[in-house]
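Down below is the structure, laid out as structure tokens.
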Amino acid sequence: MKKERQNPWKLAVIACVLAALVIGFYFYLANKTRGGKSEDVPAISKSQQVLLRNLENNYPPSPKETLKYYCDILQCLYNESHTDEELEALAAQIQLLYDEEFIANQNEDMYLLSLAGEIANMSKDDMKISSYSPSSSTDVDYFSRDGYDWARLYCTFNIRKGTQIVSSQERFLMRKDSAGHWKIYGWELVEESDAK
């Protein structure tokens, strides 16, 4: 009889030890896998993240979202270092947000030269776009003119120069194209006397 009573206890102890080993092995593998992934996958820059967006399939759905994506690209252009290929890719991506009439008034080579000059000047002056704040969706002014749908909205840029931060507000005009995408038609600096 003693053997029969010891067997259930031995089985229970062995089952607990085996369960502890299985659980321990599981946690070991789970932590090893997580650690291996973070070491194997290099972090991508904000510029690479912006360039991964396929605007043909994933165009921003509203004027505000178009402006936010535009500002993300500006931050990449002015805040990060780039190879010539990355600069060209970012310039091409931002041009996909521009209205066709706006692009027609620019020569691509001159645009790239001008953009590279602006980036160099901001870098020389130690200026970066630290943040931006577009109009809220309820503050977008929609109207129709000449058979097109238009939107007017504002964006405040906070530009850091050394340790100082200067705010600048710009007014953007967007026009909806035949595919229903809001394209940037133009923008202008808002003087304090012109502000809402």
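Using the Cβ-Cβ distance between Asp141 and Leu29 with R0 set to 45 Å, the FRET efficiency works out to roughly 0.20.
Remark: for residue pairs Lys64/Lys176; Lys64/Lys161; Lys128/Lys183; Lys68/Lys183, the C-alpha separation exceeds 23 Å in Lys64/Lys161; Lys128/Lys183. Which residues does the label zone of Gln48 cover in segment 111-130, counting backbone N under 15 Å from a point 7 Å along Cα→Cβ? Counting only backbone N, you get no residues. With R₀ set to 35 Å, the beta-carbon distance separating Asp177 from Lys124 gives a calculated FRET efficiency near 0.45. Extending 7 Å from the Cα toward the beta-carbon at both Leu189 and Gln169 defines two label points whose distance is 1.5 nm.
No lab work stands behind these numbers, since they all come straight from the coordinates. Since the model is a prediction, treat every value here as computed from it, not as a measurement. When we count neighbours, we look across all protein chains shown, and the Cβ atoms used for this are built from the backbone with ideal geometry, even at glycine.
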